[in-house]
1. Could you work out the relative contact order of the range 122-165, using alpha carbon pairs under 8 angstrom and six or more residues apart, expressed as a whole percent?
2. Using helices alone, I'd like the mean residue ellipticity at 222 nm for the chain: each DSSP H run of four-plus residues gives -39500 (n - 2.57), total over residue count, nearest 500.
3. GLU274 to LEU522: FRET efficiency via 1/(1 + (r/R0)^6), r the Cβ-Cβ distance, R0 22 Å, to the nearest 0.05?
4. Any chance you could check the Cα centroid distance between the range 290-336 and the range 525-554 for me, in angstrom?
5. For the range 566-607, what's the relative contact order in percent, using C-alpha pairs closer than 8 Å and at least 6 residues apart?
6. Length gain on complete extension for the stretch ARG101 to ASP196, per 0.36 nm per residue less the alpha carbon to alpha carbon distance?
7. Return the whole-Å distance between the Cα centroid of the range 580-640 and the Cα centroid of the range 417-482.
8. Say the dipole of the range 7-684 comes from +1 at the beta carbon of Lys and Arg and -1 at that of Asp and Glu; which of PHE588, VAL368, GLN456 then lies farthest toward its positive end?
Amino acid sequence: MIKENNKRYFTVILALMATGMFAQTNENKISDNAVDTIKAKEIQEVLIKAQKKKQFSDHANYTFDKEALEKARHSKDLLITLPELQLDPISNTVISIKGGRILFLINGVEATDNQIKSVAPTNVVRVEYFDIPPARYLQRADTVVNIITKNPEVGYSFGADLTSAFTTGFVNGSAYGGYTKGKNDFGLEYTINLRDYNNRIVDKTYEYDLNQIHYRSAEQQKDHFGYTYQNIGLRYSNTDSGKYVFQAKLNMILNSSFLKGTGQSIFTMNNNDELHHTVHNSNSNYTNPTLDLYYSKNIGKKDELSLNVIGSYFNTKSYQFDHEWKVGNYTDIFNNDMNLKAKQTGIVGEIAHVHNFEKGKLSSGYRVSNTSIDNDLVNLLGAAKYSVNYLEQYLYTEYSGKKDKLSYRLGIGLTQIHNKSAQITQDDWAPTPKVVLSYELPKNQFLRFVTQYTSQSPFASALSSNVVQVVPNIVQKGNPYLKTQHVFKNSLIYSFSSKYFDLNTTFFYNIADKYFAQFYQLDPETEGYALTYENAESYSEKGVQISGSIKPFGNSLLVLKTYIAPTATKLTSVNGTEYTRNFVRNNFALISQYKNFSAYYQFNIPVFSLNGSFLTKDENQSHFLIAYQHRSWTFTTGMYWVGTPSKYYTKSLPGDWVAYTNKTNIYNNKNMFVLGLSYDFSSGKKLQIQKKLNNSTAPASTF
């Protein structure tokens, strides 16, 4: 049983809660001119003169003042001004300060980072920020951001950006171009992320008893590792506003990674020490073409029917070699030689219907996704060829409406998960209800309540039959018998906004049964221990979180974005052992804008959180950037991981079969100096279509 007091964190929390819940403002109430829907309409060309926020039951609408529109290069710059969104300098993408999965749309169409940059700021009418996603996104995103733009018109846009470090292999680059004429829109984009690090130090220990012998393995490993990710995208759309929409997107992803490491290990049996040398080499690469077809048609004035079909293919090759031997006589301790070739096909289909009533809206739909994987595997147990298939079906309907100051959204769905492997076939049927209630309080205050129940299928690597040797007597493997987990989430949200504050205070209580967790187990197949997945009896977390932004001067001269969440967690294993952990998740960003200059500092206080039978510490963040904008050009410089290498620390909980620790430091990242240059230009207005269905197939299957 593990408990940790965080009194200093809770003091800060209580102070922030008092500030957010009892601060008052004399500002006039925001007018009711926003639309409570993800729906493209005929939007008049009105330049919004003031920045405003309008809160609804499941989302908030944000508009932007003239100053913000003039400072921004593109709509991406507008997004990072939202209270709970921030720029991740490491990936150069927009993320949620709370973490979790985020989905971006343009007029309801799923959009990439490059597509967001192709929208000129003056074409943005408002941004719809869904912190409670609609039913169709329930199993795909924790946050949905929809950018609403002006009417279609002829225009073009293009741009490119490059950020690179000088002392190590770190490159983020992208380029995009788009052209719109009449009903037709054409787009082309390219993204590359490259990492090449040669100074990562890993210190890991394993301590355990086996066959009445006490073992300890302590290894220090230095490795050279990296990856290259490339994405090439083409898109075409044909739109007749108010009648129909057709879009076709073709993407090709090329991904490769490698690791080359050597190390020394002190291997102890009872009181006898041996010095071992180790080698760790691995590489993986895959290609992933994807075709996305979408069609939507308005039927009369109150109905819309949408269809979406996505097909993808992965060709994956993975190799891993681990060797450990005695120093002096070169006696082999173990050889792990693994080769995996996997061919994966995926298809997603969805149909959705929306009917608008006088005082509400009914949304219904059906989505099916199927992933089939053919594996050709060679590992320490021999050679095997086998196939797996993962099928998921989701049927949903929800009704949303409003009565006086009470808004509501009532939904019900049914999810079927059918997983078939060489060892077992499993079926899981579960309801997916959701209730959202919102009540408007005086002076820009809202109280919202959310409760939902969902099913989550195990991911491919957790279900894998693969086995790899880690150290003497210990292997890592998947579990084809892993069952679907179910999650019951409940939240009470208090929202307050003014010129100086935009904060959400959320009280939450979440429960998961059949929770996916990794544990060490005795493994008769290898006559040692295996780190594998199992369905824990239950997992729960409860707490309160404060998220949003504080503007001491009421403008962009200084903005503090904050996320603080004191959390209590408990995991109960299948044998009844309880593991508890109390911690305070946190994330902060300081942002300043003055004329053409801007500065950004992101930081956190890393804490240990419960992760199966392990405690995992957050990656440390200390990143500083400054930028200068001159017309369409932006010059950026900064430093990542100021004063420290990037650090990663994992340790097992007391009472586990194996006492494990892993401390990793990437010294290439310490004081990483970067320079960036970007150019963005747009003319006229983009033709942005409305797409009600946004899907993707499963990611590549690797282990």
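Bear in mind that the values in this text are calculations on the coordinates, not laboratory data. Keep in mind that this is a model prediction, so the values were computed, not measured. Glycine gets a Cβ as well: all are built from the backbone with ideal geometry, and neighbour counts include every protein chain shown.
1. Working: 38 pairs, mean separation 17.7, N = 44.
Computed over the range 122-165, the figure is 40 percent.
2. Details: 5 runs with 36 residues, N = 703.
Mean residue ellipticity, 222 nm, calculated: -1500 deg cm²/dmol.
3. Values: r = 24 Å, r/R0 = 1.08.
After rounding, the FRET efficiency stands at 0.40.
4. When both Cα centres are located, 24 Å separates them.
5. Numbers: 53 pairs, mean separation 13.3, N = 42.
Value for the range 566-607: 32 percent.
6. Working: separation 95, 0.36 × 95 = 34.20 nm, distance 2.64 nm.
That works out to 31.6 nm of additional length.
7. Cα centroid to Cα centroid, the span is 28 Å.
8. PHE588
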